[in-house]
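Chemist: Mind looking over this structure? Questions follow.
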Amino acid sequence: MSQEVKVCVLFGFGINCDRETAAVFEMVGAESERVHVNLLVQGERQLSEFDILAVPGGFSFGDHLGSGRLLGNRLRFALREQLQQFVKDGKPIIGICNGFQALVKTGLLPGPNNASIEPDLVQRASLTLNNTGRYEDRWVTLEFDSQSPCIWTKDIERIECPVRHGEGRFVMPTPEELDDLNSNHQLTVRYVDPLAPHGEGIQDEPLPFPISPNGSMRNIAGICDATGLVFGLMPHPEAFYSMWLHPEHTSMNISDDWEGEGLQIFRNAVEYVRSQR
């Protein structure tokens, strides 16, 4: 087997963060390829050719019928068996912003609450209109559950990165379903007050705007499935691959430590794939 970690980065139909997403995987040592969704749907390419799947942000299908809805349906119905096999084969998947919305609407996230059950692609949650009623483009502070099975967030405690979305409010039908995800440590990343001590920022009580930019239940910014392989989040870690991109970079002592906090998420997945060989 080739030692190169091959990443499939979807593009087409309004996805617009594919080049940045492909670039950050290259920066952490993977070989990324932008693949048009139709090439997979029509069978000209196969997900099995790749080790990692990335569904980037953007405005797929113009957000008609809801953000990520049409892309999610296309993936769920045209690539159902391939997606299920991808996870069964132990291969990581990430959805960022519109990609997170698509993964939620395919049913890959949050998925069954038992890692031994194969993905059933049943939708259990949604991402809906921000509480502000408008598109939000701002930097936020995120804190990660150290006990999460998510392979993407290993050893990451807190980062800053931007959000840019109009439908980022994570919702589920009942509090009990959120309790189940919480007990499984699938509520991987939350919006937190930047002034809270590190490791103590996560809380269930709704945080005010703009700390929580969308009003998500329990301040959820991202979740994983029970296997820890499939991860989705509304913020854009690929947009903070360099400290020079931080809005306050002029007041920071960057010197040679130029790497942005978001890059580690992608490195974790690449290193995980290598560790399984």
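Each reported figure results from applying straightforward, stated rules to the coordinates on display, with no laboratory input. Computed from a predicted model, the values in this text were never measured in an experiment. Every residue, glycine as well, gets a Cβ built from its backbone with ideal geometry; the counts of neighbours run over all protein chains shown.
Chemist: Let me check the size of the range 146-206 from its C-alpha atoms; what are the radius of gyration and Dmax in Å?
Modeler: In Å, with Rg to one decimal and Dmax whole: 12.7, 32.
Chemist: If I model the chain as equal point scatterers sitting on the Cα atoms and use the Debye formula, what is log10 I(q)/I(0) at q = 0.12, 0.13, 0.15 Å⁻¹?
Modeler: Rounded to two decimals, the profile gives -0.67, -0.79, -1.09.
Chemist: Can you tell me how much longer the chain between Asn73 and Arg19 gets when fully stretched, taken as 0.36 nm per residue apart minus their C-alpha distance, in nm with one decimal? Can you show the working numbers first?
Modeler: Values: separation 54, 0.36 × 54 = 19.44 nm, distance 2.33 nm.
Stretched out fully, the Asn73 to Arg19 stretch lengthens by 17.1 nm.
Chemist: Also: If each Cα of the range 56-209 is one equal point scatterer, what is log10 of I(q)/I(0) from the Debye formula at q = 0.09, 0.11, 0.21 Å⁻¹?
Modeler: Debye intensities relative to I(0), on a log10 scale: -0.29, -0.45, -1.63.
Chemist: If the rule is a partner Cβ under 4.7 Å, which cysteines in the chain fail it?
Modeler: Cys8, Cys17, Cys97, Cys161
Chemist: How many nm separate the modelled label positions at Ala196 and Leu65, each set 7 Å beyond the Cα in the direction of the Cβ?
Modeler: Simple spin-label model gives 3.7 nm for this pair.
Chemist: Would you list Met243, Met234, Met252 from fewest to most Cβ contacts within 10 Å?
Modeler: Details: Met243 17, Met234 32, Met252 11.
If I rank by nearby Cβ atoms, fewest first, I get Met252, Met243, Met234.
Chemist: Pull up the cross-link candidates among the aspartates and glutamates for Lys88, meaning alpha carbon to alpha carbon under 18 Å and not fewer than 8 places away within one chain.
Modeler: Glu49, Asp51, Glu118, Asp120, Asp225
Chemist: Hey, another quick one. Once both labels are modelled 7 Å past Cα along the beta-carbon direction, what's the Gln42-Glu271 spacing in nm?
Modeler: Reported label-point gap for Gln42 and Glu271 is 4.0 nm.
Chemist: Taking the Cα-to-Cβ direction at Ser146 and at His249 and moving 7 Å from each Cα, how far apart do the two end points lie in nm?
Modeler: The two pseudo-label positions are separated by 3.1 nm.
Chemist: I'd like to compare 166-174, 217-225, 107-115: which one has the highest average count of other Cβ atoms within 10 Å, and what's the full order after that? Can you show the working numbers first?
Modeler: On the way: 166-174: 18.6, 217-225: 25.9, 107-115: 20.6.
Sorting 166-174, 217-225, 107-115 by mean packing, highest first, produces 217-225, 107-115, 166-174.
Chemist: Turning to a different aspect of this structure: How much mean residue ellipticity at 222 nm does the chain get from its helices, if each DSSP H run of length 4 or more adds -39500 (n - 2.57) and you divide by all residues, to the nearest 500 deg cm²/dmol?
Modeler: Working: 7 runs with 65 residues, N = 277.
Using -39500 (n - 2.57) per qualifying helix, the result is -6500 deg cm²/dmol.
Chemist: Mind ordering 120-127, 202-209 by average Cβ neighbours within 10 Å, highest first?
Modeler: Numbers: 120-127: 17.2, 202-209: 13.8.
Taking the mean over residues of other Cβ atoms within 10 Å, the ranking is 120-127, 202-209.
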